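Reading through the structure tokens given below for one structure.
Rule-based calculations on the coordinates, nothing more; no lab input. Model, not experiment: these values are computed from the prediction. Backbone-built Cβ (ideal geometry, glycine too); neighbour counts: all protein chains shown.
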Number of protein chains: 2
Amino acid sequence: MSPLPADTLDRAQQAIRTRESWSAFAERPDREPGADEALATARVTYESTLGSEFVLDQPTERMRVGDEMSPYTGRPLGIAYPVCDVDGLFAAARAAREVWREVPWQRRVQICVRIIDALHERLFEIAHANMHTTGQSLSMSCVGAGTNALDRGLEALGYAAAALERVPTQAAWRKQFGRTEVHLDKRWRAEPRGIGVVITCASFPTWNAYPALLADLATGNPVIVKPHPTSVLTMALAVRTCQEVLAAEGLPPTVVQLAADTAGDLVTTQLVEHPDCAIVDFTGSPAFGAWVESHAHPAIAFTETAGINAVVLHSVADLPSVASAIATSLCLFTAQMCTSVQNVYLPRDGVTTPDGLVSADDVETALVDAVRAVVDHPTRAAALMGAVQSRETPARVRAAAEQAGAVGRVLLAPSTYLHPEWPDAWTCTPAVVSVDPSARALYADECFGPVAFVVRCTDSDDALDQALADVAARGTIASHVYSTDDEWLEAGVQRFWRAGASVTCNLTGPMPLNFAAAYSDFHVTGLSPAGNACLTDEAYIAGRFRVVQERRPARDPGQP
Amino acid sequence: MSPLPADTLDRAQQAIRTRESWSAFAERPDREPGADEALATARVTYESTLGSEFVLDQPTERMRVGDEMSPYTGRPLGIAYPVCDVDGLFAAARAAREVWREVPWQRRVQICVRIIDALHERLFEIAHANMHTTGQSLSMSCVGAGTNALDRGLEALGYAAAALERVPTQAAWRKQFGRTEVHLDKRWRAEPRGIGVVITCASFPTWNAYPALLADLATGNPVIVKPHPTSVLTMALAVRTCQEVLAAEGLPPTVVQLAADTAGDLVTTQLVEHPDCAIVDFTGSPAFGAWVESHAHPAIAFTETAGINAVVLHSVADLPSVASAIATSLCLFTAQMCTSVQNVYLPRDGVTTPDGLVSADDVETALVDAVRAVVDHPTRAAALMGAVQSRETPARVRAAAEQAGAVGRVLLAPSTYLHPEWPDAWTCTPAVVSVDPSARALYADECFGPVAFVVRCTDSDDALDQALADVAARGTIASHVYSTDDEWLEAGVQRFWRAGASVTCNLTGPMPLNFAAAYSDFHVTGLSPAGNACLTDEAYIAGRFRVVQERRPARDPGQP
């Protein structure tokens, strides 16, 4: 990978302003010339890590743990991570903070660009690690969890640099008090809030971790990364990369540390409630996210959890394309993304098309056929679906389908597919069930994994009402409306907005419904239980530092 | 008062960028030509309000209450405010929200400028109300609580408009997916967070209320103002002014409402914990502020409470000037301001001056003399000190002095002065006590009212250490260091900054230590228990709205 050009941050900031499509990286790094060899080399590097002790430059090593299993091989990775006292981690972070806060923010931002560069250098090695801990396909690990996540990190860095740039540094101030003109010299400084804790999820750690990490670092806060105990390696490599860049700059590597733990002995709440914790970034379940939001104080919390991703079908120009778009979202990474669709609300009398009304039965059949077009073809399934991060997911999906079947109809039962390259891979194909709104208790929460609830509503207005009620209650990250009636569509958009939700309309074709573009798409509005933070808006940066000030009588008061 | 010029907001935004001294208003509105007559007329208007039913345009009137007494006359104001169900207030705010959020932000900002204009029109009437509810002098009510507070409101409006201006509105986005170039039209909108609750304090309501009110309104959130039950009239007049401006614009007056209550039946917690409350702005005690911060969730909270305002004496160029500056801060509005100094830390061996070391005894004497120079002259005392808002303050000050006297020495006992114009005014002159750090429990919290603790420390480094330990524990809003040694002073500034505190150095002369300039001084850093919010930084605005988005295939995809 060639190093990032010098104007990378400027270009990112420009894209943030125009919201144009831009990336600091190759569109498909895994298809660039030489990528095959580089991927093969990276795989060897990854495999050499298995069964080893993972080395990090941080203190207070107490013991070693490692709970990871590859969803592709079904075997333990056997990597042993250092476990440190929570107090020891914070003590090291406090010491590192004294150094890091003194580094001028312009240099901190440069170092953050170097971190992005170094993570990009190691893209394929991290991709293999990410694949074997999250279950993502290798290509998703290279792009979605690789360059796209780095772009979101660079976006956060661009926002941070812009916010820091807007903080004044000094002023000569003069004002009349009675008969005297008072002259003061004033100075300001963006003072980092403190120590940041970044809690990452099991299935897609980098996408939220890179922005949080870089936003904290740029604004002067050391970071303790707390990965999910079953999905550590990606973040361990990212932390080691940060530590190497910091050490090369003559700075304490402990500006970034890893807090590894085990499922049986989690340290998350200790980290969040520690008196030295000043900022929490959390990705995970809505329940734990709500706990973090209400227990982090006096630390500030930035959360992304999950909501109800709704699809409302009013009328469509081309039913097979719409069915295919929904099916792709259901299949993509086995619906383990925060942007995977779950509930499809439609009129029970059917959906209008250019060829007339298509019955609800036929819409359901089109959706099932579109899913089958993926899952019945192992090569396509493997490329799109990858594996499931947790072995518990298939059982949960089966249970959800059975419960829904008891009150509605199972249109497609969940199953497995045989991965052509990894025969032991944990796989799970989507369940599609048809219910009516009386079954709301079954679909009104996120069911993590590939389950589509087709909700048959009274009519299209009711479909919109039902979707909005569920979205208002639980939030949403990526919802969709399909309508060929401009007026109806616009009214729907306004209602989503009023509910604090973003919405995508009539999207079909090669761009997955799940795709959110760095520098252009605001990801999560921050107005609902689906998360209080947004990638990336100014609120994502503003609280991570505050302005401190000094005033004193001017040395040379000059002339009034 | 002449209306504000059309470029007022632009000028405010320019001052925010340069941090220069600027005001939208006359320096001393109470000394402008014609001010005497206008003040006399306004006094008649104010007096005509006494004993009346206060009219507001808001629903669900349940009963009327009024607990106010004038600290100048010692008599009840007898004004009866409407009391509404908390649910009824929120229901009206919800309805108003539907209209207000649809008003384009540019127009909302214009309406906010009109509100500032209308409050300025009514400056003298509100000043009389403010005087007889807070105890401030009439001139402070006109300036500090009048034009200065309006400037801080305009500052918040400038920040809000700048933040809204930075939100993109639309973009044509195109990106290659495989062989297809996808073209999307994207739209964005700054979506208001919800309903704001603004809780104001008894002694200085406007200074924090105007910025919070205008920041909420500009970003599209209706506001419920909850005044302190013993200090309602200022905010009641402000709310009525807002309602009149809104009605004149054809908008629901209930975009701004008043939630009056009584000391025996407070509605504050009900408002904060109401499910429709989305934003809380709180000014008041640190204890209640901490409760608000940790109970407001999922609403966001902006607080300003109180901290330990410290003065560290290392060395001084002119002791009488320094003593006078400290004494003025102790006397100004009887030390009922969040910027009033409280603890004076000095070396027990004395303070260095150009004429050599001055003993601690002599420094204490200079301070006492400087206080006496105010309190022993009723006209000067009246102009500077005004009255005490709460009749409980003198007793608390006496108790604090007695407690400190038991372990240290009372240098000046608190007393009263006879107000030349208002013989029944509640007054309280400052207590000055000398202690050593073993008495820390007595001075480590804010003692609301005029008490100075002179803390005799081992040496000047210890004085700085002691001050910083107290500031770190409780926060500070306005702290001061005096030193003629540049190196020592700079090290002290850096230590205040590291503690998340702002500091003023070597200030003497006609500008009171308490003065914080709108557009220039960041008031409260937001990094301590003294408040999580700052007047005004970007974090004060960022969370009050979020960005919602819509994406759809481009109507005219154009050429790739």
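Does the range B:26-305 come out rounded, prolate or oblate by the C-alpha gyration tensor, with a ≥ b ≥ c the root eigenvalues, rounded set by a/c under 1.5 and, if not, prolate when a/b is larger than b/c and oblate if not? Taking the square roots of the gyration eigenvalues as a ≥ b ≥ c, the range B:26-305 is prolate.
Relative contact order for the range A:310-505: 28 percent, from Cα pairs under 8 Å spaced at least 6 residues apart, divided by residue count. Please work out whether the range B:98-239 counts as rounded, prolate or oblate from its C-alpha gyration tensor, where a ≥ b ≥ c are the square roots of the eigenvalues and a/c under 1.5 means rounded, while otherwise a/b larger than b/c means prolate and anything else oblate? Since a/c reaches 1.5 and a/b is larger than b/c, the shape of the range B:98-239 is classed as prolate.
Backbone amide hydrogens, once placed in the peptide plane, bring A:T504 within less than 5 Å of A:S479, A:H480, A:V481, B:R551, excluding anything fewer than 5 places away on its chain.
Among the GluC sites (Glu not before Pro) in the range A:71-169, those located in a DSSP loop and surrounded by at most 14 other Cβ atoms within 10 Å of their own Cβ are A:E102.
The two copies B and A are related by a rotation, and the chain B beta carbon nearest its axis, with distance in whole angstrom, is B:A542, 2.
Measuring between their Cα centroids, the range A:98-139 and the range B:214-268 lie 49 Å from each other.
The HN-Hα couplings worked out from phi for the range A:62-67 by the Karplus form 6.51 cos²θ - 1.76 cosθ + 1.60 (θ = phi - 60°) are 10, 7, 10, 9, x, 10 Hz, whole numbers, x standing for Gly and Pro. Placing a label point 7 Å from Cα along the Cα-to-Cβ direction at B:S415 gives distances to the equivalent points in the other copies of 9.7 nm, listed shortest first. Put simply, the Cα atoms of the range B:373-465 extend 45, 24, 18 Å along their principal axes, the longest span coming first. How would you classify the range B:25-122 from its alpha-carbon gyration tensor, with a ≥ b ≥ c the square roots of the eigenvalues: rounded for a/c under 1.5, else prolate if a/b is greater than b/c, otherwise oblate? It comes out oblate by the Cα gyration axes. In whole angstrom, the protein assembly as shown maps to an equivalent ellipsoid with semi-axes of 56, 35, 24, each derived as √(5λ) from the alpha carbon gyration tensor and ordered largest first. Copy-to-copy label distances for A:E487, where each label lies 7 Å from Cα along Cα-to-Cβ, are 8.0 nm in order of increasing length. Taking amide H as placed 1.01 Å from N in the peptide plane, A:F282 has its amide H under 5 Å from the amide H of A:I199, A:F302, A:T303, A:E304, each at least 5 places away in sequence or on another chain.
Using R0 = 30 Å, the C-beta based FRET efficiency linking B:Q403 and A:R174 works out to 0.10. Within the range A:310-505, the proportion of Cα pairs with more than 22 Å between them is 43 percent. Not counting the cut sites, what is the longest span of chain B without trypsin sites (Lys or Arg not before Pro) that DSSP labels loop and that have at most 11 other Cβ atoms within 10 Å? That would be B:180-554.
The long axis of helix A:35-49 is offset from the longest Cα principal axis of chain A by roughly 80 degrees. For the range B:234-247, backbone phi angles converted through the Karplus equation (6.51, -1.76, 1.60; θ = phi - 60°) give residue-by-residue couplings of 4, 6, 4, 5, 5, 5, 4, 4, 4, 4, 5, 4, 4, 4 Hz, Gly and Pro being listed as x.
Distant-in-sequence amide contacts of B:Q176, defined by a placed amide H-H separation under 5 Å and a gap of 5 or more residues or a different chain, comprise B:V182. As an exercise, use a Förster radius of 22 Å and the Cβ-Cβ distance of B:R348 and B:Q494 to find the FRET efficiency, rounded to the nearest 0.05. The pair B:R348/B:Q494 has a calculated efficiency of 0.30. Once the C-beta distance of A:A95 and B:D355 is scaled by a Förster radius of 45 Å, the resulting FRET efficiency is 0.55 to the nearest 0.05. Could you give the angle, 0 to 90 degrees to the nearest 10, between helix B:486-498's Cα long axis and the longest principal axis of the Cα atoms of chain B? That helix lies at roughly 50 degrees to the long axis. Sorted largest first, the principal axis extents computed over the alpha-carbon atoms of chain A equal 83, 63, 45 Å.
Where a Cα-Cα gap under 23 Å defines reach, which lysines qualify for A:K175, not counting those fewer than 8 residues away within the same chain? Straight-line reach from A:K175, under 23 Å: A:K186. On C-alpha positions alone, give me the angle between the axis of helix B:123-134 and the longest principal axis of chain B, in degrees, nearest 10. It is inclined by approximately 50 degrees.
If you take the Cα centroid of the range B:274-302 and the Cα centroid of the range A:150-190, the two points sit 28 Å apart.
Dividing the mean sequence gap of close Cα pairs (under 8 Å, 6+ apart) by how many residues chain A holds gives a relative contact order of 17 percent.
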